[in-house]
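Here is the structure we will look at.
The values are calculated or read from the model by the stated rules, or taken from the named source; none is laboratory data. Everything numeric here is computed off the predicted structure, so don't read it as measured data. So basically every Cβ, Gly included, is an ideal-geometry build from the backbone, and we count neighbours across all protein chains shown.
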């Protein structure tokens, strides 16, 4: 793997780290298995691409994409809270509906934005993404250390006790889902502006990549706080992208880009096995 491939892997790792952070908020903090992310990632990318090619500012396009992602999270939360639909089914329903919504927004299966001005077209992409990550991580740390954030975390730990203390568990759940999918949509918008295209199926497997990044990051860092868990998402995502790039660019393996899911399964399985073995030696 040459330096160009390494930089490309780090860039993609930083973008997909936002997906991992969004997944971490739902799966780890509020204990909600949200599958909306496959749809909200495409929603963010498709919205940003459509607005950029229409002549709007890329910054405005990114902001609208984030807002649309938050609305997708609210839709999932509403299905779960109002109609008592199972969390995983609520996410599947929203994700399925978003396919049609995304196609309506994009008006065609794919959009090219090559040659247009984007947030990441000014150069220093990795530095900009690193700066964005620092800002987001610090904001999330401040949020989850606040009374509002502690209420969200409390709902994830025990809803019944949270309700007994007067916390509106339903509202906290919807807020967390909105935040999660807004961050995932931001990742989708940045991905499109980084790669120069949006595709209707670009979000397929996003949840798997997010979970893989979380598992890899948590196995490396001893996560004892929410903030460290969020950092683990970034570390895990970058390492995941570097590992997959190494596997695909090693001619001995004979792997092709279509084998990315196999690589993901092997990486996650090996990481979990090593983590279990390490825990076993400690006990």
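Restricted to the range 189-206, and to residues that are buried (at least 24 other Cβ atoms within 10 Å of the Cβ) and out of contact with any strand residue (DSSP E or B) (no Cβ under 8 Å at 6 or more places or on another chain), which residue is farthest from residue 46 (Cα to Cα)?
Out of the qualifying residues, it is 206.
Based on this model, can you work out whether residue 219 counts as at pLDDT below 95 and either more than 29 Å from residue 151 (Cβ to Cβ) or in a helix (DSSP H, G or I) (or both)?
yes
Name every residue in the range 251-275 that is within 23 Å of residue 223 (Cβ to Cβ) and at pLDDT below 80, in order of residue number.
Hit for the range 251-275 is 275, nothing else.
This table checks each residue for (1) within 16 Å of the chain's Cα centre (by Cα); (2) within 18 Å of residue 38 (Cα to Cα).
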{"position": "170", "(1), (2)": "no, no"}
{"position": "179", "(1), (2)": "yes, yes"}
{"position": "203", "(1), (2)": "yes, yes"}
{"position": "221", "(1), (2)": "no, no"}
{"position": "232", "(1), (2)": "yes, no"}
{"position": "270", "(1), (2)": "no, no"}
{"position": "274", "(1), (2)": "no, no"}
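Would a scan of the range 90-107 turn up a residue that is part of a helix (DSSP H, G or I), out of contact with any helix residue (DSSP H, G or I) (no Cβ under 8 Å at 6 or more places or on another chain), under 20 Å from residue 172 (Cβ atoms) and at pLDDT 95 or above?
Within the range 90-107, not a single residue is part of a helix (DSSP H, G or I), out of contact with any helix residue (DSSP H, G or I) (no Cβ under 8 Å at 6 or more places or on another chain), under 20 Å from residue 172 (Cβ atoms) and at pLDDT 95 or above.
Here is a list: 189, 185, 247, 198. Which entry is under 30 Å from residue 109 (Cβ atoms) and without any contact (Cβ under 8 Å) to a residue 24 or more places away in the chain?
The unique qualifying residue is 247.
Condition (residue is more than 20 Å from residue 30 (Cα to Cα), under 21 Å from the mean Cα position of the chain (by Cα) and buried (at least 18 other Cβ atoms within 10 Å of the Cβ)) applied to the range 73-96: is it met by at least one residue?
No, every residue in the range 73-96 fails to be more than 20 Å from residue 30 (Cα to Cα), under 21 Å from the mean Cα position of the chain (by Cα) and buried (at least 18 other Cβ atoms within 10 Å of the Cβ).
Per-residue answers, yes or no, for (1) under 19 Å from residue 64 (Cα atoms); (2) assigned to a helix (DSSP H, G or I):
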site: 175; (1), (2): yes, yes
site: 186; (1), (2): yes, yes
site: 204; (1), (2): no, no
site: 207; (1), (2): no, yes
site: 213; (1), (2): no, yes
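Has the range 33-48 got at least one residue that is without any contact (Cβ under 8 Å) to a residue 60 or more places away in the chain, closer than 30 Å to residue 232 by Cβ and surrounded by fewer than 24 Cβ atoms within 10 Å (Cβ to Cβ)?
Yes, there is a match, as at least one residue in the range 33-48 is without any contact (Cβ under 8 Å) to a residue 60 or more places away in the chain, closer than 30 Å to residue 232 by Cβ and surrounded by fewer than 24 Cβ atoms within 10 Å (Cβ to Cβ).
Could you pull out the residue among 236, 280 that is assigned to a helix (DSSP H, G or I) and touching a residue at least 40 places away in the same chain (Cβ under 8 Å)?
Values: 280 fails: touching a residue at least 40 places away in the same chain (Cβ under 8 Å).
Answer to the check: 236.
Determine whether residue 24 is touching a residue at least 12 places away in the same chain (Cβ under 8 Å) and in contact with a helix residue (DSSP H, G or I) (Cβ under 9 Å, 6 or more places away or on another chain).
The answer is yes for residue 24.
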